[in-house]
1. Which condition does residue C:195 not pass, out of (1) surrounded by fewer than 22 Cβ atoms within 10 Å (Cβ to Cβ); (2) within 14 Å of chain B (Cβ to nearest Cβ), if it passes all the others?
2. Considering (1) surrounded by fewer than 20 Cβ atoms within 10 Å (Cβ to Cβ); (2) under 22 Å from the mean Cα position of the chain (by Cα), say which one residue A:12 fails and leave the rest.
3. Which residue pairs have Cβ atoms closer than 6 Å, lie 6 or more positions apart in sequence or on different chains, and pair a first residue in region C:184-203 that is touching a residue at least 40 places away in the same chain (Cβ under 8 Å) with a second residue that is outside any loop (DSSP other than H, G, I, E, B) and within 16 Å of ligand 1 (Cβ to nearest atom)?
4. If only one of A:121, A:111, A:95 is within 30 Å of residue C:74 (Cβ to Cβ) and away from every other protein chain (no Cβ under 14 Å), which one is it?
5. Looking at (1) within 28 Å of residue C:114 (Cβ to Cβ); (2) open to solvent by 20 Å² or more (accessible area, probe 1.4 Å), which is the only condition residue B:271 fails?
6. Determine whether residue C:154 is under 20 Å from residue C:42 (Cα atoms), modelled with pLDDT of 90 or more, buried (at least 22 other Cβ atoms within 10 Å of the Cβ) and in contact with a strand residue (DSSP E or B) (Cβ under 6 Å, 6 or more places away or on another chain).
7. Considering C:46, C:26, which residue is within 12 Å of ligand 1 (Cβ to nearest atom) and either buried (at least 21 other Cβ atoms within 10 Å of the Cβ) or closer than 23 Å to residue A:47 by Cβ (or both)?
8. Please specify each residue of region A:26-37 satisfying the condition of being touching a residue at least 60 places away in the same chain (Cβ under 8 Å) and either closer than 30 Å to residue C:64 by Cβ or open to solvent by less than 10 Å² (accessible area, probe 1.4 Å) (or both).
Amino acid sequence: MSVFLLDSLVVFLFIEFVILLLNSINQVIVLKILKYWDFNASNTFQYSLEKKNYLVNTIITFTIGVKIILFIFFVKSLDDLVPLVPGAMCATGVIGANEYGNILLLFKIFILFLLGVWMIINRLDLKSKELKFLKKKYYLFTIVFIMICIEFILELAYFINIPLTVPVFCCSVVFVVENLPFDLTTLDIVYIFYFIFVSILASNYYKKISISFILNILFLFVSYYSVTYFFGTYVYEEPNHKCPFCFLQADYYYVGYLIWSTLFVGIFFGISPYIVYSIVEIKNKKLLQYNSIILTVFTVICSSYVLFYYIKNGVFL
Amino acid sequence: MLNRNFLNFSVKLLLKEKGDYLFSFIIFSFIIFIVTSVLFISESIKRDLLVSLANEGQIIVKNSKGGRYYPIDENYIDSILQVSGVDDVIGKVDGYYNFAQDRRFFKIAVDDDLNDTSMVVSSDVYDILKEFKYKKEFNFFVPNNEITLQIKEVIDSNILSNNTIFVNEDIAREILQMDEEDYSYVVILVPNEDEIENIALKIPKIFPDALVLPNYEIESDYDNLFYYKGGVFMILYIVVLISFFILLKNQISAVYGTKRKEIAILRSIGFSIKDIVLLKFIQNNIVAVGSYFFAIFFSYIYVFVLGAPFLKDIFLGEIESEIVFSPILDIKMLFLVFIFTVIPYLASILIPSWKLAVEDVSEVMK
Amino acid sequence: MSKITINNLYKIYNEGKESEFQALRGIDLSIKDGEIVVIKGVSGSGKSTLLSLIAAFSKPSSGKILIDGENISKLPDIFASKFRNEKIGFIFQSFNLIDGLSVKDNVLSPMVLTSLGQDTINKRLKIALNLANIEHKENQNIADLSGGEKQRCAIARALVNNPSIILADEPTANLDKENSLKFLEILKKFKELKKIVIVATHDTIFDELPFVDKYVDMSDGKFV
Ligand SMILES: Nc1ncnc2c1ncn2[C@@H]1O[C@H](COP(=O)(O)OP(=O)(O)O)[C@@H](O)[C@H]1O
Ligand SMILES: [Mg+2]
């Protein structure tokens, strides 16, 4: 018995491989463009590079769409592995089953972030009549491509090393309060959470992209801890159930997908303006509005679980 | 860019050229049809097994002697009841009757709603009985005795009820020649999930011969079985898919070769390379997603209405050909099929579409 | 300032290969708003090549084409296409309509790239069909049209986005005498609409027309 015979894994790895293949073709063209691109030349070779530019854009745009779908599929596939991995009750056990799992997950999120930044720069590039940012966007893509290769290796390493006999730890063991950073209590974290949230709104209102950038990164970490150790317990309505994965399941109406996606997408709009600015020196302040709106949705969803619990039961957990 | 006018126009051009896409539509539908049908069948079987498992207790205990199954007697039940956390212990009777005339075994199962003179049979059993002229009643031959039972009802045979005769417990004991205080196996009801594992570990300490099967183990056995079969099938199917996509790419390239003039015309009135790629992407999306729903619809009918002729034989062997599959529509499985087929389809048309889009616009001048 | 300014324009086909061919050799031309220009020359003299560069179908080997002050031959494809869509109406010798679509769909095809509402689109359609004198065939399939009707359909398509420049490459080469004369009538209408029109032709029917502002003769890729 091997996890590689799990049909969702077969499909997942097959599609990842197709994407890797497409992007390898892409990367060859990208290297050629990086080497020979000269916007001012009027020879056929330069014009053919310009045409290839559209192929590369198409493939990358397609890749972004597929990667988002595959990310959701990956998380769902972890649930498929739960009954096969001894001791695992939810995706926590599966993702933590070996040292590659959590790195892989972070890698995936990071690649999606970078592809999002790429997308923004690509739009700016296509809007300029001289294709000003073409080289920059392809240097960025080259980094993403290397990461996609590493990601694929990590995926193989992760799935090969999933133990099918030795029991793994589950969320009740992995997420205990002693794991909070800097000796903070859960309540401290929650105060910090709301404090940063309000600061982000203020910073976005005054369109300070660098401050918003820093605050958003802080907020990402604080939110991770707040959701796992505080808000999650209200979703489960159990003070000791601390897990960032369990609420992705049907029992909780898949609310986890909503919580995590609003957080990640919101944070993306908060940090990308600064990153884009540092690459192409264009301030894209409109994105900060999205940042405010989506993070507000996120905060409202999380808070409402606490509120409704209090209304229903008259006490906090 | 993408707006309603553009979408309408893409559809108009697609409808005009539907002949060009017919080939890929049919083959692609067929490919999705096969994979969906296989998954429908295996999901349906798995679901039936799991549902029946959930209706049983949390732990099943069988007895063995010298490595063979052996009946369990009443004393076992009393002792297991003493274990803390156990809510109830139920003895079960089942086994096989040797139908010597046709050299086959029928499964005997208990249905306590029946009286001493009647039985319920699954449709496949009924067909066999009819061949031997047992249309209303049937005689079981047991040593020194003959038991005659009326056929009260014929039920559909699904994966669990197939090849089965249901009788009440007393009759079952007679047919299977079991003593009054013997059982084939017992099921243990454990209300608290967390205690199942503990109890399962305690029982062999009381009865060293006991074979203890907690429900989660049986469940993962089923899972293993189906993952294994499903996975091997999927791997083999990748080969089919890859050949199809190479074929598709060539076919689309050939068709697009004849469309160069038309694309040059569109380019001359202001379509950019990006617009053409988008246009072709929309059209192929319609074809691929269309095939997908078309195939799923027919595969649902094929498996759950028509009972999956041919494929069933491959899955279950011809003996069990009477089985019906309980309908099931699992979103996750459909998502899996979508990713498995539609995404590589779209991936394989990207490069031909681009090649078409960057054709020289001056083509229109010739 | 001129609307179109062409500066020392060269087009070399198959550059660097044995079959290298200089189709345009140092063209200079400037055209003001509302002018009608007829380029005459024998077949192979480079007229079509010149028009295709002005419409940004292909890029010159050297030289500049400024339209409204912008060098259109350096534009990336997205901008070149937008320029073509908004500012250029092209009438081809072989009509270049899309088979299997109706007159209406053909005429509207440049408009699918805009996000205009249905009302505006219908209004523009009516105007264009009317100008080209083809409104009675609106719902016919292209395949059922005569040569003259096909051309009028192509003209309606060229007009539908209300472009400021109309290019016509051998517009009468596939028409009989009667339809050719009709085309001259339409050309006069263009003049009234104050459009820039550049006609490339070797048809003598265009000789000595009173409403043509400029005649240029072309030979071996040069104006003479
Ligand atoms: N794509 C091409 N490749 C090579 N030569 C070409 C190409 N297009 C045109 N030519 C050559 O350029 C010359 C000018 O062609 P063209 O502009 O079509 O002339 P005209 O329209 O005046 O007849 C001709 O000799 C033709 O053979
Ligand atoms: Mg010509």
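The values are calculated or read from the model by the stated rules, or taken from the named source; none is laboratory data. What you see is a predicted model, and the numbers here were worked out from it, not measured in a lab. Positions of Cβ are generated from backbone atoms using ideal geometry, with glycine treated the same way; all protein chains shown enter the neighbour counts. Side chains are part of the model used for accessible areas, which takes the heavy atoms of the whole protein and leaves out ligands, DNA and RNA. Shrake-Rupley method; radii C 1.70, N 1.55, O 1.52, S 1.80 Å.
1. Here residue C:195 meets the rest and fails (2).
2. (1)
3. C:198/C:37; C:198/C:167; C:199/C:38; C:199/C:168; C:200/C:39; C:200/C:47; C:200/C:51; C:200/C:169
4. Values: A:111 fails: within 30 Å of residue C:74 (Cβ to Cβ); A:95 fails: within 30 Å of residue C:74 (Cβ to Cβ).
It is A:121.
5. Of everything listed in (1) within 28 Å of residue C:114 (Cβ to Cβ); (2) open to solvent by 20 Å² or more (accessible area, probe 1.4 Å), residue B:271 misses just condition (2).
6. Working: under 20 Å from residue C:42 (Cα atoms): no; modelled with pLDDT of 90 or more: yes; buried (at least 22 other Cβ atoms within 10 Å of the Cβ): yes; in contact with a strand residue (DSSP E or B) (Cβ under 6 Å, 6 or more places away or on another chain): yes.
Answer is no for this residue.
7. Values: C:26 fails: within 12 Å of ligand 1 (Cβ to nearest atom).
On inspection, the qualifying residue turns out to be C:46.
8. Within region A:26-37, A:26, A:30, A:33, A:34, A:37 qualify.
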